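Enquirer: Okay, handing you the structure first.
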Amino acid sequence: MVNKDNLSKQDKDKIFNGELLPHANALYNFAYSLVFSEAKAEDLVQEAFLKAYRFIHSFEPGSNAKAWLFQILKNAFINDYRKNSRQPQKVDFEEFKDKNQLEKQASSIDITQDVYTHMLGDEVTNALNRLPVDFRVAIILSDLEGFTYEEIAKISDIPIGTVRSRLFRARNLMKEELREYAKEAGFKEMR
Amino acid sequence: MKKSHDCKEVVEQFNMLLDGSLNPKQEQDVMCELQRCMHCLQEYNLEEKYRNFVKEKVEKKCPTESFIGKLKDCIKGL
Ligand SMILES: [Zn+2]
């Protein structure tokens, strides 16, 4: 058995290049969606990779490197930004209702309608970016990156039940944003 | 005995199905329920379309080549 505390520089680089670096694009996209700045996203990704490298002995080769990296980056974001920014008091929507009680799914939108099929990528991206950060993150992790509830729970540091209710709520808000857009687009056409 | 159809429960279930968090048996059960209720089936189809729509349309930001190069050099130099 390899003593993982004594990995050679060569071993570490091999793991890094083979298993960690391939997730750089996904990690950068995630970072950008948290900070909305290319320079800050780069700093955050670099910080995450350096930290991952430093703790590479605790990484099990072949295990889920992507989830591990996302978790490191999310923690770095919280440490670097949240405590420094004087954000208005965060409202934890989930606290307001029975945790086991998922609210009703918003009436669905028919995405095949003309107004939606004509929506551009940046318009949909903007709708996503208008969501509060926790909801935005939930959608990115689940719908864009395909993480499981367990992985999202770990990355976001919340219980699995909260992942489900947060996702539900996030998607409802997203649909609301899209519906608003559709209303406005319809209004413009009428003029 | 088959239990009665609860639309709210089925909606929860098919969301979990679309999230890939049901086992094959559970998936099969949900698919059966969807066949029993036009409303749920419609909602399911719309939800599936919505998920694909978001996945397809949201733009992903990519890092620059030079940033990736810098990152590699930085690790190499450790
Ligand atoms: Zn039903």
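Enquirer: Report the net charge of residues surrounding B:T64, where surrounding means a beta-carbon distance below 10 angstrom and charges are Lys +1, Arg +1, Asp -1, Glu -1.
Expert: Working: positive: B:K70; negative: A:E38, A:E42, B:E65.
In short, -2.
Enquirer: In the structure shown, do any of A:K183/B:K25; A:K188/B:K60; A:K74/B:K55; A:K40/B:K55 have a Cα-Cα gap over 31 Å, and if so which?
Expert: On the way: A:K183/B:K25 41 Å; A:K188/B:K60 28 Å; A:K74/B:K55 21 Å; A:K40/B:K55 25 Å.
From the list (A:K183/B:K25; A:K188/B:K60; A:K74/B:K55; A:K40/B:K55), the Cα-Cα distance tops 31 Å for A:K183/B:K25.
Enquirer: Let me ask something additional. Within 10 Å, count the other beta carbons around each residue, average over each peptide in B:16-28, A:16-28, and list them highest first. Show your work: numbers first, answer last.
Expert: Numbers: B:16-28: 13.8, A:16-28: 18.6.
Going by the mean number of other Cβ atoms within 10 Å, highest first, we get A:16-28, B:16-28.
Enquirer: Let me ask another. Per-residue accessible area for B:C74 at 1.4 Å probe radius, Å² rounded to 10?
Expert: 40 Å²
Enquirer: When you look at the Cβ of every residue in B:61-70, what mean number of other chain Cβ atoms sits within 10 Å?
Expert: On the way: counts 11, 6, 11, 3, 0, 1, 8, 6, 0, 2.
Average per residue, whole number: 5.
Enquirer: Continuing with the same structure: Taking the Cα atoms only, what angle lies between the long axis of helix B:7-18 and the longest principal axis of chain B, rounded to 10 degrees?
Expert: Computed tilt is about 30 degrees.
Enquirer: Related question: How far is helix B:24-36 tilted off the main Cα axis of chain B, in degrees rounded to 10, range 0 to 90?
Expert: Orientation of helix B:24-36: about 50 degrees from the principal axis.
Enquirer: Right, another one. State the cysteines of chain B left without a partner when partners are defined as other cysteines whose beta carbon lies under 4.7 Å away.
Expert: So far as the 4.7 Å Cβ criterion goes, B:C7, B:C32, B:C62, B:C74 stand without a partner in chain B.
Enquirer: Next up: Give the carbon-plus-sulfur fraction of the accessible surface of the protein assembly as shown in %, rounded to a whole number; probe 1.4 Å, heavy atoms of protein chains only.
Expert: Values: 7860 of 15270 Å².
Ligands and nucleic acids excluded, carbon and sulfur reach 51 percent.
Enquirer: So how much accessible surface do B and A hide from each other in total, probe 1.4 Å, in square angstrom to the nearest 100?
Expert: 3800 Å²
Enquirer: Provide a whole-number value for the mean count of partner chain Cβ atoms within 10 Å of the Cβ atoms in peptide A:22-35.
Expert: Working: counts 0, 0, 6, 5, 2, 1, 8, 6, 2, 2, 4, 3, 0, 0.
Neighbouring Cβ atoms belonging to other protein chains average 3 per residue here.
The values are calculated or read from the model by the stated rules, or taken from the named source; none is laboratory data. This one's a predicted model, so the numbers in the text were calculated from it and none came from an experiment. Cβ sites come from the backbone with ideal geometry, for glycine too, and all protein chains shown count toward neighbours. In case anyone asks, the SASA skips ligands and DNA or RNA and just uses the protein heavy atoms, side chains included. Shrake-Rupley method; radii C 1.70, N 1.55, O 1.52, S 1.80 Å.
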